[in-house]
Protein chains: 2
Amino acid sequence: MASLGDIGVSALINIITAFAFLLAFALLRIQPINDRVYFPKWYIIGARTSPKHTHNFVAKFVNLNFKTYLTFLNWMPQTMRMKEPEIIEHAGLDSAAFLRIYLLGLKIFGPAAIVAFLVLIPVNVSGGMLFFLSKELVISDIDKLSISNVQPKSPKFFAHILMMYLFTFWACYMLYKEYDVIASMRLNFLASKSRRAEQFTVLVRNVPHVPDQSVSDTVKCFFKKNHSTHYLCHQIVYNANKYARAVRKRQKLQNSLDYNQLKFERHPEKRPTRKTGFLGLWGKKVDTIDNYHQKIKELDEKLTMEHQKILNDPKRIMPAAFVSFNSRWGAAVCAQTQQSKNPILWLTEWAPEPHDVYWKNLAIPFVSLSIRKLIISLAVFALVFFYIIPIAFVQSLANLEGLEKVVPFLRPVIEWSFIKSFLQGFLPGLALKIFLWLLPGILMTLSKIEGHVAFSVLERSTAAKYYFFMLVNVFLGSIATGTAIQQLQSFLHQSPTQIPRTIGVSIPMKATFFITYIMVDGWAGMAGEILRLKPLIMFHLKNMVLVKTERDRLKAMNPKSIDFPEAIPSLQLYFLMGAVYAVVTPILLPFILIFFAFAYFVYRHQVINVYNQRYESAAAFWPHVHHRILASLLISQLLLLGLLSTKKAANSTPLLAVLPILTLTFHQFCKNRFEPAFRKYPLEEAVEKDTQDEACEPEIDMKPYLCEAYLHPVLHSIEEFELFELGVDHNRAHIPNQLATEPISGSHVNEQENKVSSKMQHLEVVVEQSESVSTRNHKTLSLNVDVMHH
Amino acid sequence: MASLGDIGVSALINIITAFAFLLAFALLRIQPINDRVYFPKWYIIGARTSPKHTHNFVAKFVNLNFKTYLTFLNWMPQTMRMKEPEIIEHAGLDSAAFLRIYLLGLKIFGPAAIVAFLVLIPVNVSGGMLFFLSKELVISDIDKLSISNVQPKSPKFFAHILMMYLFTFWACYMLYKEYDVIASMRLNFLASKSRRAEQFTVLVRNVPHVPDQSVSDTVKCFFKKNHSTHYLCHQIVYNANKYARAVRKRQKLQNSLDYNQLKFERHPEKRPTRKTGFLGLWGKKVDTIDNYHQKIKELDEKLTMEHQKILNDPKRIMPAAFVSFNSRWGAAVCAQTQQSKNPILWLTEWAPEPHDVYWKNLAIPFVSLSIRKLIISLAVFALVFFYIIPIAFVQSLANLEGLEKVVPFLRPVIEWSFIKSFLQGFLPGLALKIFLWLLPGILMTLSKIEGHVAFSVLERSTAAKYYFFMLVNVFLGSIATGTAIQQLQSFLHQSPTQIPRTIGVSIPMKATFFITYIMVDGWAGMAGEILRLKPLIMFHLKNMVLVKTERDRLKAMNPKSIDFPEAIPSLQLYFLMGAVYAVVTPILLPFILIFFAFAYFVYRHQVINVYNQRYESAAAFWPHVHHRILASLLISQLLLLGLLSTKKAANSTPLLAVLPILTLTFHQFCKNRFEPAFRKYPLEEAVEKDTQDEACEPEIDMKPYLCEAYLHPVLHSIEEFELFELGVDHNRAHIPNQLATEPISGSHVNEQENKVSSKMQHLEVVVEQSESVSTRNHKTLSLNVDVMHH
C-alpha cells in the first residue's frame, strides 16, 4: 500500500510532465511554422491561409512578437469565448455533446466531492477518536481517509449508505437533465438542418433476387407499389472496391507527374529522369514526365473498362439500394416499418450521411450477419479474457517484492526511496496505457467484420467493445490481482454473492493505483493530447520530404477527428472510478475533478482549433454514454454491497439492496423516454419540416440531387472523387437552399488511404467553395479568430 | 427411489382413472340431455338447436339407440375427420395453432424416443456387462435404464453427448419448420380475413392534455396534420365502468320481470308477490311485476343521467382514442412509427379486436405503467419464491421416512406395500396439482394490474408468469428438495457452475416423480378435461334452478375457451421434462408421448365441439411457445453439463459447451426471421389487401362502421350491449362484404359478470344472424356434424 508520500512523488512527476507539455504547447503554438498543426480546422473551413505576404523571412517561421510569450496560458480563457451554439455550428453537434460529457462529470462529482469531504472523511477518520485535524493525519496512510478505517459492525456505515443513496439520486437527476438537454439539442439540430440527402433517403438491404429482373427494376417495382405516393428515385450500390484501388493508383501517378512538371518548370535546363525498376533504384533510365504520361494513359484505359464492367456486370451490383422519397414523412415511414412478408428481406433503415457510409459492408446478407455477430462476440470475449495475461505480468513486475525476488541484484536500486516511489506510482499505470494503445485498431477491425454500414456505428461498436475491455481488464483486473484466467475460473466457481465481496474488499486498497492512473492517463495524457507531438513531427517531416503540392500540405495537417472509440470508453472509466470511490475513498474525487476540468479545456481547444469531424451523427452516441454511466452506478452499488457485507454491517446493508432496483427502473424509464429520439424520427417533426420547406420553396425538384447523392464516390468522375476524399461533396449531399447555414466540414481522410495527392486547380475550387459557405461563420467567429491568430 | 413396481401401481391407478373418465364421457355424451354440455360450440354457431320435435319423451333425455353404446371410443376417429383448414374456419387460428403444439411434441419426441431406446438404453444398461435382455432387468430399479448406471469417467458419455447434439438439432429443425408454418398460416389467415375494424384502427394512448381543447379535438388535429391523407375518423374512450354496472343491474331486474311475467301468464289466477327486504325474506309484501316495473323505471332515469354525464363530463373522457384510417397501409404506418417528439406521448399500437379490448386499462399513463411493471415483477418474484413453502411441506409429507417420523403410529398402514406405492406414486403429483389450481387467478389479477389493454395480452402475460412459476417450483423445486428459501439462499451462495451440478446430480433420481406427475396431471387430467364434470354438473344444476329463459340456457352451457394461461405453460413443462430426460432417463419419453397423443385427441374434440374462443389473436402466442421450448433445450443442456461434470467425464464434457451457444444463435436467428410476422404488419401485405378491396368494392364508405366499432359496448343501446356480451356484435366490428366467410363466434362472457339474463326476442335475432353467416360452415362441415349428431 502506497503512502501519501508515494502519491506525492507520483503527483509531482505527473504535474511536472503536464506542465512541461503545456509549456511546450504554449511556445510551439505561436510559431507561424506550426500554425497548420495547431489550427488546422481554420485552414479547412477556409478562415486562414498560409502567411504568404510576410516581409520578414524569419517571421514566416518563428514568432518574433515577444509579448505573446508572456501570456503562454491564455489559450484556456480563449477557448471559453466560443459559446455552445457557435461550437455546434463550427464543429457539429457530436463535438458539442462530447464536451458536455466532461461538464456532466464536473456536475456529478463536484457536489459529491464536497459532501463526501464534509461528511464521509470526518466519519472515516474519526476511528472512535477525533484526531481529524491533527498534524499526524497528513503524513498518515491514505487508508485512514477511506472506509477501511471504520470498525466492522460500526453504525457509521449508515453514513456511507446514505451517501450512496444521495450520490445515486444526484447522479440520476443530472443524467436525466442531461439526456433531456441532449435529446432536445439533437431534435433542434436535425430540425435546423437544411435539406440534406440523408433526410429523404432510406438504405434498403437484402433486396431479393427476382429472376429475369435487374436489382434496380426490382427495387423500383417494390417501392412504386408499396410507397406509391412517396417514392422518388433510388441509387443502386455497386461493388467498386477494385475500381477505387485503381483510381487511387492513378491519383498517385498524377501527383508524381505534377511534381515532376513543377520541378521541370523551375529548372527547365534539366529534364527529370527515373529508373523503371524497384523504387527507381535500378533498371532502364527513362524520361520521368513521358513515363508517367504513358502510365496514366494505360491506367485510364483500364479504368474505363473497369467502369463499364461495374455498370454493366450484374454481379457487381449489390442487393442493396439507397431509396429516396419526395418527403421526410415518406422516408420516416419507410425507415420505421416492416416492408416485406419475409422479415429478413427488404430491411430498411435510415441512410447514413453520404460521408458516413462504409461501402464495403453494404452487401452482407442477413444470415451471414448473424453468424458474423456470433463469431465476433466470441472473439471479443476471448480477447478480453486472454489479453489480460501480459498486463497482469507487467503489474506483477511493478509489485516491488515480486521484482526483488526475480532480480535480487537490483534490490539496492529499488530500495532507493525515490526510485521505489517512481516504480510504485508510475509504472503500473504506464504499462497499462501502452497495452491499451494497441487495442482500438484491433477492435475496429473486429467491428468492421461484424458488418456495420456506417463509420459512426463502427466507432460506437468499437467503443462498446473497448469499454468492456477496460471494465474487465483495467478496472476489475487491477482490483483483483492474479492472472485473468485464474480470475475467470475463480469467479465461475464462486457464488454470485461472493464476487462483489471479493472485489469489494480490495477496492479501498487499490485507491492509490487508480489515483496514479488518473494522473498518468488523465493529467499527463491530456497535456500530451494538446501538444500533438506526433502530428507536429509528422507534419514537419512530411513538409520536408513528401509534400509536393499545396494540396499535400493540406493533407499533411492531418487534423483527425475526436477519437470516439477511445476517448468515450476511457471517459466512462473515470465515471466508474468516481462512482465506486465516491463513497469508499473520497480522496480520489479531487483527482478526477481536476481531470474533468482540464480535459474539458483541452478538448474545447482541440474541437475549436484542430479536429475536423469525419461525419456528423447528431450525438447518436449519447444513449451509450448514458447507459454506461448508469452501469457504473450499478457496479458501484454492488461493490459497496459486497464491501459492507464483509464489514458485518448486517443491520445497514439490506438497505442498500433497494438501490440497484431503483437504478434499473430509472434506466428503463430513460430508455423509453429518450432513446426513441436517437433511434427514430417522429412523424410530427417530419411533417413540420416538410410543411416549412414547401412554404419556402414550393417548386424545387430534388430528384437530380437525391439520385446522385449516394453514388459510390469513386464512380463520379475522378476529380469529384478527390473532392469527396477531402470531404467537399456537399453540392451532392446538400441540396442548395437559401436557408443553408452550416458548411460541410467533414473530411473523409481515411488514414490508411491518405496518399492521394493532386492538382492545384481542384484545391482552389475546394477552398473557394469552403470560403463561400463559411462566410457566416467567419463573421460570427471573427473575434475568436483574431485573438487566436497570434 | 421408487422401483418399476411402484410406477406400475401408479400407472395402473392412473390408467384406470383415465379409462373410467373416458367411459363416463362416452356414455354421457350420447345422452340428448347432455348434448348442450358436450357440443355447445354447435349450438353457438347455430348448427344445432334443442331437440324439440322428438316424439318419445324419454328419448329427449336418454339415448335409447343401444347400438351407439357399443362404439363408445369412436369420438377419437371422429375428431380426426375435420381437416386443419376447416378447424381454422370453425374455431379460429388460435385453436388450430394450439393443437399444433401437441403435434410438435410428438414430432420432436417421437424420433428422439426411438433413437434413445435403440442407442441410449442399451448403452446405459450394459454397465460393462451385457445383461441388457435378461429377465432381471424388467423388475430392476429404473435407474438401471438411466445415465446413473454408467460408470464415472466412462467413454460412454460420448454417446450421451452425441444424443444431446442430435436431439437439439432435431428439435431446432422441427421448431424452425413449425415457426415457418405458423408464421405463414398467420399471414394467410390475416390476409383471408374480410374487412374488419381492427385492420384499419390504431389504439393511441397518452394523448397530451391541450388547454382549452377537448381530447377529441386534440386527436383530430394531430392526425389530420400528421397523417393527412390517411386519417378517417376516431373514437374517444369513455370511462363507463360505473354505467356498465348500472346496466348490468337493470338487465338482472328485467330478467326477473320477464320470469315473473311468464309465470303469471302460465298461472293467471295467482299474481306473484315478493317482500322488499333482504333476499325477499321479510319486509313489506308488494306486487312483484309492478315492483320490478317501477324499479326499472327508476334505474332507467338514473341510466339516462349517467349516460349524459359520460358524454358531457370531460373527466370521463380518457386520454386515449381509437383512430381509424382509410386504408390498411395508413393504419400499418401509424402503428409502427413514432408520432411525437416526446416519445412517451401519442403512443400508437394496433388496436385489438373489439372483443379483445380490456377497457379498464386504457387510461393508464406511461409513468404509472413503468411503476406498475416494476411492482408486479417484484410481486411475481416474491410469489414464486414464497409459494414454494407449502408445496415443499406437502412433498416432505409424501416422503415416507419423514411421514413415519411425524406420525409413528401410522407406520403399519404405510408399510403395507400397496398403500406405500400409492402414497409414493400418487400423492406428490396430486398435492402439487391442487396448489397449482389456485394460482392462475392470482396471476391474472397481477397481469391486469400490470396494465395490458387486451385480453389476449393479459392471457399471454399470465401464461409467462405461470410458466416461470412452474419452472421454479414444479420443475426445479421438485428436483432440489428443501424449502424454497433455503434453496434460493444456497443458490445465491453457490458458484454459477455449481448450480447445474447440484440440480444435474439429482435429475436421474427424480425421474419416477415426473413419471407419476405425467400420469396424474397429463393422462388422468386430460381424461378429466374431456369429461367436463364441473360444467356438466353446473349445467344441470343451473337448468333446474336458475334457467328461466331460453337465453339463460344458452348461457348455462358455458363452453369456455381454451385456457391459454394454464394450458400453454403446463404444456411447456412437458417439453422441458422431455428435453431434460431424453438423454438422462429416456424411459420417461413414452409417457410424454402418450400424453401428447392423448391430449391432442382430447383438445381436438374440445376445440371442435366445445370451446368457444373469446377472441382471435391469430396465433400471437406462438413466439412465446417457441421461446420457451428453446429455453427448455438450454436448461436441459446446462443440466446435462452439470450432471456430466459430476461424472468426471472431463474429456467429453467440454464438447457440450458449444451447444448452448449454437442454441442461442438459433434463437436469435428465429427471432429476426419470424417474430416480426407476429408483431408488425408488413406494408407489402397491407398494399395488396388494399388494392384487392378497391378492386372488389371501390365505392364502399367505411366511416360509419369504423367510427362505431370501438365505442364502449355499454354505450350502445342496452340491447346491443347484451348482444355484445354474447359476442354477436359483428355488424359493428365486421364490415359487410361479399367476401365474408367466417362467423364471429367469440363470446365475451366474463365469468364474474355472467349473471345477465334476457329477453327471448334478442336471442332469436342472435341465432338468426349466426345461422345466416354460418351457412357456409354448415355446408362444408355437414359431414362431421351429421356423424356427430348421434
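The values are calculated or read from the model by the stated rules, or taken from the named source; none is laboratory data. The shown structure was predicted, so the numbers you read here are calculated from the model rather than taken from an experiment. Methodologically, a virtual Cβ is constructed for each residue, glycine included, from the backbone with ideal geometry; neighbour enumeration extends over all protein chains shown. We work out accessible area using only protein heavy atoms, side chains counted, and drop any ligands, DNA or RNA first. Shrake-Rupley method; radii C 1.70, N 1.55, O 1.52, S 1.80 Å.
I need the inter-copy label distances for B:Val115: point set 7 Å along Cα to C-beta, values in nm with one decimal, smallest first.
Result, one decimal in nm: 6.0.
Could you compute the net charge surrounding A:Leu104? Neighbours are other residues with a C-beta less than 11 Å from the C-beta of A:Leu104; K and R count +1, D and E count -1.
+2
How well do other chains shield peptide B:669-676, expressed as the mean number of their Cβ atoms within 10 Å of each residue Cβ?
Shielding by partners across B:669-676 averages 4.
How do B:707-714, A:29-36 rank on mean C-beta neighbours within 10 Å, highest first?
Going from most to least packed, we get B:707-714, A:29-36.
With 25 Å as the limit, write out which pairs from A:Lys295/A:Lys534; A:Lys309/A:Lys360; A:Lys671/B:Lys224 have Cα-Cα distances beyond it, or answer none.
Correct reply: A:Lys295/A:Lys534; A:Lys671/B:Lys224.
Highest first, please rank the peptides B:102-112, A:195-205 by the mean number of other Cβ atoms sitting within 10 Å of their residues.
A:195-205, B:102-112
Using a 7 Å offset from Cα along the direction of the beta-carbon, what are the separations from B:Asp180 to the same position in each other copy, nm, ascending?
Here the equivalent label points are 5.2 nm apart from this one.
At a probe radius of 1.4 Å, figure out the B/A buried accessible area, summed over both chains, and give it in Å² to the nearest 100.
Buried: approximately 4000 Å² between A and B.
Ignore the peptide's own chain and count Cβ atoms of other chains within 10 Å of each Cβ in B:320-330; give me the average, rounded.
If you average over the peptide's residues, the count of other-chain Cβ atoms is 1.
Got a sec? Which residues in region A:290-333 would a label at A:Arg271 touch, if it sits 7 Å along Cα→Cβ and we count backbone N under 19 Å?
Label zone hits: A:290-297.
Can you order the peptides B:262-274, B:345-357 by their average number of other Cβ atoms within 10 Å per residue, highest first?
Ranked by mean Cβ neighbours within 10 Å, highest first: B:345-357, B:262-274.
Pairs of alpha-carbon atoms within less than 8 angstrom and 6+ residues apart define the contacts here; what relative contact order does region B:198-350 have, in percent?
It rounds to 47 percent for region B:198-350.
Counting Lys +1, Arg +1, Asp -1, Glu -1, what net charge surrounds B:Gln668 among other residues with beta carbon under 11 Å of its beta carbon?
Once all neighbours under 11 Å are counted, the net charge is +2.
Based on the alpha-carbon gyration tensor of region B:198-350 and its eigenvalue square roots a ≥ b ≥ c, which shape applies: rounded if a/c is under 1.5, prolate if not and a/b is larger than b/c, or oblate?
Prolate.
Once you average over the residues of B:180-186, how many Cβ atoms of partner chains fall within 10 Å of each Cβ?
Shielding by partners across B:180-186 averages 1.
Report ³J(HN,Hα) in whole Hz for each residue of region B:571-583, in order, from the Karplus equation J = 6.51 cos²θ - 1.76 cosθ + 1.60 where θ = phi - 60°; Gly and Pro get x.
4, 5, 5, 5, 4, 4, 4, x, 5, 5, 8, 3, 9
Using a label point 7 Å beyond Cα on the Cα-Cβ vector, give me the inter-copy distances for B:Leu262 in nanometres, one decimal, shortest first.
So the distances to the same position in the other copies read 10.7 nm.
What number comes out for the charge environment of A:Ser377, summing +1 per Lys or Arg and -1 per Asp or Glu over other residues with Cβ under 14 Å away?
Cβ neighbours under 14 Å give a net charge of +2.
Dipole size in debye (nearest 20) for region A:198-350 around its Cα centre, Lys and Arg Cβ +1, Asp and Glu Cβ -1?
Using only the charged Cβ atoms, the result is roughly 600 debye.
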